[in-house]
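Just below is one structure, and these are the notes that go with it.
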Amino acid sequence: MDAETIVKEYYVARKGTNSIKWDILEEAYGKPDLLPLWVADMDFQTCPAVLQALRKRVDHGAFGYSVVPDSFYEAFGAWERQYGYEPPKDVIRFSAGVVTMLYRLVRCFTEPGDSVLILTPVYYPFRKAIEENGRAAVQVDLREEGSRFVIDYEAVERAVAERQVKMTILCSPHNPVGRVFTEEELTELLRIFARRGVLVISDEIHQDFHFDGHTQHCFVGVRDRLREAGERMPEVIALTAPSKTFNLAALGFSLAMMPDEGPRAVYDTYMKALGEPGVDVLAATAAEAAYRHGAEWLEGVKSVIIGNHRRIRKRLAAECPKVRIMDLEGTYLPFLDLRSVVDVAHPSKPPVRIAGSETNADMADLVQNRAGLAVDYGEWFGRNFAGFIRLNLATHPDIVDEAVTRLVKAICD
Ligand SMILES: Cc1ncc(COP(=O)(O)O)c(C=O)c1O
C-alpha cells in the first residue's frame with residue numbers, strides 16, 4: 001500500500017472515542033484543546049485483515065476458554081524470521097502488555113536494592129518498573145553525535161562494574177532517540193554484559209519501524225550467532241508485540257521470547273504463584289491476522305511516517321533552523337531539540353507537573369501554552385534531556401503540518 005491510500009482510507013478521527021491520546025488532555029496537560037502528539041499509538045485504523053478476522057470471531061459469538069492455536073505460533077515465527085531469530089513455540093510467553101512484562105521480569109530476576117541499567121533517554125516506564133519495585137535504576141546517557149545518539153560503551157562498562165548491575169533493560173529500536181542499533185553495536189553490548197554476567201532484557205516493541213536501509217536485528221539472533229561462534233554470551237529475553245505495529249494497544253497482547261532454559265524456568269515458577277489468566281481470544285485472533293496478512297498495510301503506514309519526518313525536517317530547515325529534528329532510523333517517535341530556543345539550564349520558573357511528571361516550565365510555556373501542543377518532554381526520559389520534546393508521527397500529515405506551523409509561530413513571533 002502507498003502512503004496516500006493509508007492517509008485517505010485509514011485515518012480516523014479519534015476524539016470522543018475514549019482515546020487516551022485525544023480525550024484526557026484536560027487531566028494530563030490541564031488543557032482540553034491541545035493538538036495531541038504524545039501517546040505512542042496511531043490515528044489509523046488497523047489493517048483490513050485484522051478487522052475481518054475480528055468480525056468473523058465476534059460473529060461466531062461464543063467466547064469460552066480458548067488456547068492460542070499453533071497457527072499463531074507459525075505466523076509469529078515467520079514474521080520474526082526477518083529479524084534473524086525464529087522463536088519456537090516453547091520459548092514464547094504472553095502478557096497483556098510489554099510494560100506489564102517488564103514489571104514481572106524486574107521482580108522475577110532481581111531483589112530489592114539490586115541495580116538495573118538503562119540507556120537514557122529512554123521510555124520512562126523502564127525507570128518506573130525498576131524504581132517502583134525498590135530496585136536502583138542505573139542511568140547511562142547515550143551520547144549525542146550530530147543528529148543521532150550513540151552508545152557510550154566505556155560508561156556502560158564502568159557503570160556495570162561499579163554498581164554491580166544484575167540486569168539491563170534495553171530498547172531496540174530506541175524510543176525516544178529513534179536509533180536502530182547495528183549488529184556491531186548489539187555485539188559490543190552483549191560482550192560487556194557477558195563479561196559481567198548481566199541478564200539482558202530487550203524491548204523490541206518498535207521492531208517493525210525501521211527506515212531507509214537500517215536493518216533491525218533481534219538481540220536473541222545476534223547473541224545466538226556469537227555463541228555458536230564460541231563466544232561467552234549473556235542470557236537474553238526479547239519482548240515484542242503487534243500493538244505498536246498494527247495499532248492494537250487496547251487489545252492487551254504482547255510476547256516474550258525466552259530462549260534460555262534457566263531464566264524460562266525461573267519465570268514459569270514465578271508465574272505459577274500468581275494465577276494469571278490466559279490470553280484474550282480477540283487479541284490472539286487480531287495478532288495472528290496481523291502477522292499473517294499485515295505486511296502490505298504496514299509498508300503504507302511506514303511511508304506516511306517517514307514522509308512526515310522528511311516534511312518536518314524540510315520545513316524546520318527553511319522556516320526555523322534553530323530547531324533540530326533528530327534522525328529517524330526507527331520508531332515513529334522522533335526527538336526534537338529546542339535547546340537553542342529555551343535556556344533549560346537557567347529556568348525562569350520552578351518546574352511544573354505535566355502528565356504526572358516534572359517538566360521545565362519554560363518549555364511547557366512554549367510548547368503547550370504558546371504552540372498548543374501536547375507532547376512528551378525530554379526530561380521524562382532522562383534527567384539530562386530537558387529541552388527536547390518527542391513527537392508522534394503516526395498520524396495524518398495535516399496534523400503534523402499544523403504542529404510545525406504552531407511551533408514555528410510560537411518561536412518566531
Ligand atoms: C519501548 C516501549 N515499550 C513498551 C511500550 C508499551 O507497551 P505495552 O502497551 O505493550 O505495555 C511502549 C509504548 O510506547 C514503548 O515505547
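Could you list, in sequence order, the residues of the range 195-205 that are in a loop (DSSP other than H, G, I, E, B), hydrophobic (A, V, I, L, M, F, W, C) and within 14 Å of the ligand (Cβ to nearest atom)? Full working, then the answer.
Filtering the range 195-205 for residues in a loop (DSSP other than H, G, I, E, B) gives 197-198, 204-205.
Those left that are additionally hydrophobic (A, V, I, L, M, F, W, C): 198, 205.
Matches in the range 195-205: I205 only.
The conditions of being surrounded by 15 or more Cβ atoms within 10 Å (Cβ to Cβ) and touching a Leu at 6+ places or on another chain (Cβ under 8 Å) are not met by M42. Only a single criterion out of (1) within 24 Å of R81 (Cβ to Cβ); (2) assigned to a helix (DSSP H, G or I); (3) in contact with a Phe, Trp or Tyr (Cβ under 9 Å, 6 or more places away or on another chain) is not satisfied by D208, namely (2).
Scan the range 269-281 and tell me whether some residue there is under 30 Å from R57 (Cα atoms), of a type in the set (D, E) and surrounded by fewer than 17 Cβ atoms within 10 Å (Cβ to Cβ).
Of all residues in the range 269-281, those under 30 Å from R57 (Cα atoms) come to 271-272, 274-281.
Restricting the remaining residues to those that are of a type in the set (D, E) gives 276, 280.
Subsequent filtering for residues that are surrounded by fewer than 17 Cβ atoms within 10 Å (Cβ to Cβ) retains 276.
Within the range 269-281, one or more residues are under 30 Å from R57 (Cα atoms), of a type in the set (D, E) and surrounded by fewer than 17 Cβ atoms within 10 Å (Cβ to Cβ).
Residue count for the range 363-392, restricted to those that are in contact with a Leu (Cβ under 7 Å, 6 or more places away or on another chain) and in contact (Cβ under 8 Å) with a residue 60 or more places away in the chain: 9. Under the condition of being over 13 Å from F94 (Cα atoms), out of contact with any Cys (no Cβ under 9 Å at 6 or more places or on another chain) and either small (G, A, S) or assigned to a helix (DSSP H, G or I) (or both), the residues counted in the range 254-268 number 3.
Quick check on my filter: what residues within the range 104-119 are touching a residue at least 60 places away in the same chain (Cβ under 8 Å), farther than 12 Å from V200 by Cα and within 13 Å of the ligand (Cβ to nearest atom)? Write out each step before concluding.
Filtering the range 104-119 for residues touching a residue at least 60 places away in the same chain (Cβ under 8 Å) gives 104-109, 117.
Still in the running and farther than 12 Å from V200 by Cα: 104, 107-108.
The one that is touching a residue at least 60 places away in the same chain (Cβ under 8 Å), farther than 12 Å from V200 by Cα and within 13 Å of the ligand (Cβ to nearest atom): R104.
Number of residues in the range 269-281 that are away from the ligand (no atom under 16 Å from the Cβ) and either part of a loop (DSSP other than H, G, I, E, B) or not aromatic (F, W, Y) (or both) equals 9.
Screening G213 with (1) farther than 19 Å from S303 by Cα; (2) out of contact with any His (no Cβ under 7 Å at 6 or more places or on another chain) gives one miss only, at (1).
Taken over the range 218-253, residues that are within 14 Å of the ligand (Cβ to nearest atom) and either assigned to a helix (DSSP H, G or I) or more than 24 Å from the chain's Cα centre (by Cα) (or both) amount to 8.
Just wondering, is there one or more residues in the range 141-155 that are within 16 Å of the ligand (Cβ to nearest atom) and either outside the structural domain of R196 (by TED's automatic domain parsing) or closer than 25 Å to Y377 by Cβ (or both)? Yes, that holds for at least one residue. Just one of (1) within 16 Å of the ligand (Cβ to nearest atom); (2) modelled with pLDDT under 95; (3) hydrophobic (A, V, I, L, M, F, W, C) fails for M257. It is (2).
If you filter the range 350-409 down to residues that are hydroxyl-bearing (S, T, Y) and not in a helix (DSSP H, G or I), you find that the one that is farthest from V138 (Cα to Cα) is T395. The single condition among (1) under 30 Å from L282 (Cα atoms); (2) in contact with a Ser or Thr (Cβ under 6 Å, 6 or more places away or on another chain) that V220 does not satisfy is (2).
Cβ-Cβ distances below 6 Å connect the following pairs, each with a first residue in the range 79-91 that is on the phi > 0 side of the Ramachandran plot, a second residue that is of a type in the set (A, V, I, L, M, F, W, C) and assigned to a loop (DSSP other than H, G, I, E, B), and a separation of six or more residues or different chains: G84/C218. Of the listed requirements (1) crowded, with 16+ Cβ neighbours inside 10 Å; (2) at pLDDT 95 or above, A62 misses just one: (1). Scanning the range 64-98 for residues that are assigned to a helix (DSSP H, G or I), β-branched (V, I, T) and within 16 Å of the ligand (Cβ to nearest atom) gives a single hit, V98. Every condition in (1) free of Cβ contacts under 8 Å to residues at least 40 places away in the same chain; (2) within 13 Å of the ligand (Cβ to nearest atom); (3) surrounded by 19 or more Cβ atoms within 10 Å (Cβ to Cβ) holds for M101 except the one numbered (1). Of the residues making up the range 194-232, those that are farther than 24 Å from T110 by Cα and touching a Cys at 6+ places or on another chain (Cβ under 8 Å) are H206, Q207.
The values are calculated or read from the model by the stated rules, or taken from the named source; none is laboratory data. Keep in mind the model is a prediction, meaning the values are calculated, not measured. Every residue, glycine among them, receives a Cβ derived from its backbone with ideal geometry; neighbour counts consider all protein chains shown.
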